[in-house]
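The values are calculated or read from the model by the stated rules, or taken from the named source; none is laboratory data. Just so it is clear, the structure is predicted and the values come from calculations on it, not from any experiment. With ideal geometry, Cβ positions are generated from the backbone for all residues, glycine too; neighbour counts draw on all protein chains shown.
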Amino acid sequence: MLSVYEGFFSGGARIVHSDVVLGLAEGGQDHRVLSIHGEVHREATRQRMQDDACYRSLTAAGVEVGTLGRGHTGSEDRPAVFGGLELADTARAMAAADVILSLKEQPLALLNQAGLPRRPVVVCLHRSDPENQGSALDELKAAIADGTVLACVCCAESTRAAYRDAGIPAELLHVIPNGVDLFRFRPDPARRLALRTALGIPDTAPVVVFAARYAAMKNVPLFLRAARAWLGREGGGQVLMCGAGMTPGNPALAADIEAAFGERGASLTDRVRLLGVRGDMEAVYASADVVALTSSSGEAAPLCLIEGMMCGAVPVTTDIGDSAALVAGHGVVTPPDPDAIALAWSGAVAGRAGFAPALLRSRERFSRTRMIAAYAALLERVHSSHTGEPADGLRPDLLGGAWER
């Protein structure tokens, strides 16, 4: 198997896909990764491939990761022009694979280039707004018309519906919900106390965590206006903001904070902690009472809500993608109104103990084991339909508990 990434940078889709690759490798599959870009500069953050947590976890597990070495500034719609050396490297990587996984549709600009080996491609889709992906939707349609793309994995029902409405044949769209490592993401009083102690946060203080990259779809201004309203009422409340661009060095975020809090609320910003990209999100979520999402577009099955819930934080989210279905019975869905969101945070903090039993009962639904087994079964079907033979290391009868962690 070969997975092709646009690049390694902080984001839920790359975390999920890298975990799938790790799980398939644990099950005996030979898997490699090719990254088009060696580094990116986006969300006001320079992100080198070698510094990325997904890259480190893959290589530590023995998964070979290569790159075409491109730099990237985050521009969405530049012409897809690839040089001879890049195509030669890509051809060698593709020739060694039985099936290719494309992380989202953007890498198809490379995989669609003439002269490359023909291999069945499975595209992994992680958003609910195909019309906002630049030329990537056209690349996906071209690859389907060419007979290269044999299946699309949708991480959410909203993804399947959006791509079906955009003209992708329904029979190619398969929903495999996101899952997480339930051993890593779990309620943990020791982690909760350790992180709070490190940040100087009292054990009894209510904490809201916002885990997102700094991007328009995340609606950071709405989150900050809700934080302003909530901190004004909750004297001991604390807000933790994690992700690429969630740092004091991001001038756009600084401007958003100033606009949301103003002069009268400036003193409250001492309780807004900008933590940037973290490698210990299990501890961040365990320290929180609420995991918040205020996105306005693009989301499908937000990983932050799942990880946060599994660590015992109550999810409070706007109704975007599959978010409402994810948190049904476990949290709160709000309108995109800062006062309503702030009130929901307070209610979630007060009712956290009441949500705990439902969160505990739902853990199997969000299992990494289930997710990886579903990917393995789909890849087996794709390979068999292409060659008529089973793919080594993908037999469904070998799944069992091999990926339980």
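May I ask you to list the residues in the range 204-227 that are under 15 Å from residue 273 (Cβ atoms) and basic (Lys, Arg)?
None - no residue of the range 204-227 is under 15 Å from residue 273 (Cβ atoms) and basic (Lys, Arg), so the list stays empty.
Just checking, how many residues over the range 308-345 are in contact (Cβ under 8 Å) with a residue 24 or more places away in the chain and assigned to a loop (DSSP other than H, G, I, E, B)? I'd like the intermediate steps shown before the answer.
At the first step, the residues of the range 308-345 found to be in contact (Cβ under 8 Å) with a residue 24 or more places away in the chain are 308-318, 320-323, 325-326, 329-331, 336, 338-339, 341-342, 344-345.
This time we only want the ones that are assigned to a loop (DSSP other than H, G, I, E, B), so: 311-313, 320-322, 329-331, 336.
So the answer is 10.
Return the pair list, or none, for Cβ contacts closer than 6 Å from residues in the range 231-250 that are in the same structural domain as residue 209 (by TED's automatic domain parsing) and surrounded by fewer than 23 Cβ atoms within 10 Å (Cβ to Cβ) to residues that are assigned to a loop (DSSP other than H, G, I, E, B) and of a type in the set (Val, Ile, Thr), at least 6 apart or on different chains.
These pairs meet every condition: 244/277.
For the list (1) assigned by TED's automatic domain parsing to the domain that holds residue 294; (2) in contact (Cβ under 8 Å) with a residue 12 or more places away in the chain, I need the number of the one condition that residue 200 fails.
(2)
Which residues, counting only those in the range 33-51, are part of a strand (DSSP E or B) and not hydrophobic (A, V, I, L, M, F, W, C)? Reasoning before the result, please.
So the first thing to find is which residues in the range 33-51 are part of a strand (DSSP E or B), and the list is 33-42, 45-48.
Listed by number, the residues that qualify are 35, 37, 38, 39, 41, 42, 45, 46, 47, 48.
Would you pick out the residues in the range 286-307 that are in a helix (DSSP H, G or I) and either under 15 Å from the mean Cα position of the chain (by Cα) or closer than 11 Å to residue 355 by Cβ (or both)?
Initially, the range 286-307 is screened for residues in a helix (DSSP H, G or I), giving 286, 303-307.
303, 304, 305, 306, 307, listed by residue number.
Can you pull out the residues in the range 272-309 that are touching a Phe, Trp or Tyr at 6+ places or on another chain (Cβ under 6 Å) and surrounded by fewer than 24 Cβ atoms within 10 Å (Cβ to Cβ)? Outline the logic, then answer.
First pass over the range 272-309, keeping only residues touching a Phe, Trp or Tyr at 6+ places or on another chain (Cβ under 6 Å): 282, 290, 292, 294, 306-308.
Once the filter is applied, which keeps residues that are touching a Phe, Trp or Tyr at 6+ places or on another chain (Cβ under 6 Å) and surrounded by fewer than 24 Cβ atoms within 10 Å (Cβ to Cβ), the range 272-309 yields only 282.
In this structure, is residue 57 hydroxyl-bearing (Ser, Thr, Tyr), surrounded by fewer than 17 Cβ atoms within 10 Å (Cβ to Cβ), within 25 Å of residue 218 (Cβ to Cβ) and outside the structural domain of residue 301 (by TED's automatic domain parsing)? Talk me through it step by step, then tell me what you get.
On the way: hydroxyl-bearing (Ser, Thr, Tyr): yes; surrounded by fewer than 17 Cβ atoms within 10 Å (Cβ to Cβ): yes; within 25 Å of residue 218 (Cβ to Cβ): yes; outside the structural domain of residue 301 (by TED's automatic domain parsing): yes.
Criteria met by residue 57.
Out of the range 344-361, which residues are aliphatic (A, V, I, L, M) and either under 27 Å from the mean Cα position of the chain (by Cα) or more than 18 Å from residue 227 (Cβ to Cβ) (or both)?
Of the range 344-361, the ones aliphatic (A, V, I, L, M) are 344, 348-350, 353, 356, 358-360.
Once the filter is applied, which keeps residues that are aliphatic (A, V, I, L, M) and either under 27 Å from the mean Cα position of the chain (by Cα) or more than 18 Å from residue 227 (Cβ to Cβ) (or both), the range 344-361 yields 344, 348, 349, 353, 356, 358, 359, 360.
Can you find a residue in the range 182-199 that is aromatic (Phe, Trp, Tyr), under 30 Å from residue 235 (Cα atoms) and either in contact with a Cys (Cβ under 9 Å, 6 or more places away or on another chain) or at pLDDT 95 or above (or both)? Write out each step before concluding.
Our first condition is that a residue be aromatic (Phe, Trp, Tyr); within the range 182-199, this holds for 183, 185.
Among the residues that remain, those that are also under 30 Å from residue 235 (Cα atoms) are: 185.
Filter again for either in contact with a Cys (Cβ under 9 Å, 6 or more places away or on another chain) or at pLDDT 95 or above (or both), leaving 185.
Among the residues of the range 182-199, at least one is aromatic (Phe, Trp, Tyr), under 30 Å from residue 235 (Cα atoms) and either in contact with a Cys (Cβ under 9 Å, 6 or more places away or on another chain) or at pLDDT 95 or above (or both), which makes the answer yes.
Within the range 204-220, take every residue that is under 21 Å from the mean Cα position of the chain (by Cα) and not in a loop (DSSP other than H, G, I, E, B) and give me the one that is surrounded by the most Cβ atoms within 10 Å (Cβ to Cβ). If you could, list the steps in order and put the result at the bottom.
Step one: list which residues in the range 204-220 are under 21 Å from the mean Cα position of the chain (by Cα), which gives 208-220.
Among the residues that remain, those that are also not in a loop (DSSP other than H, G, I, E, B) are: 208-211, 216-218, 220.
Values: 208: 30, 209: 25, 210: 25, 211: 27, 216: 11, 217: 16, 218: 26, 220: 26.
Among those that are under 21 Å from the mean Cα position of the chain (by Cα) and not in a loop (DSSP other than H, G, I, E, B), it is 208.
Can you tell me which condition residue 20 does not meet? The list is (1) at pLDDT below 95; (2) buried (at least 23 other Cβ atoms within 10 Å of the Cβ), and all the others hold.
Among (1) at pLDDT below 95; (2) buried (at least 23 other Cβ atoms within 10 Å of the Cβ), the lone unmet condition for residue 20 is (1).
Condition check: aliphatic (A, V, I, L, M) and either free of Cβ contacts under 8 Å to residues at least 12 places away in the same chain or not in a strand (DSSP E or B) (or both). Does residue 253 satisfy that?
Numbers: aliphatic (A, V, I, L, M): yes; either free of Cβ contacts under 8 Å to residues at least 12 places away in the same chain or not in a strand (DSSP E or B) (or both): yes.
Yes; evaluated as a whole, the condition is true for this residue.
Out of all the residues in the range 346-382, which are among the hydroxyl-bearing types (Ser, Thr, Tyr) and part of a helix (DSSP H, G or I)?
346, 369, 375 - these are the residues of the range 346-382 that are among the hydroxyl-bearing types (Ser, Thr, Tyr) and part of a helix (DSSP H, G or I).
Taking the condition of being part of a helix (DSSP H, G or I) and in contact (Cβ under 8 Å) with a residue 40 or more places away in the chain, how many residues in the range 13-32 meet it?
Just the residues of the range 13-32 that are part of a helix (DSSP H, G or I), to begin with: 13-26.
Going one step further and asking which of them are in contact (Cβ under 8 Å) with a residue 40 or more places away in the chain, we end up with 13-24, 26.
Selection size over the range 13-32: 13.
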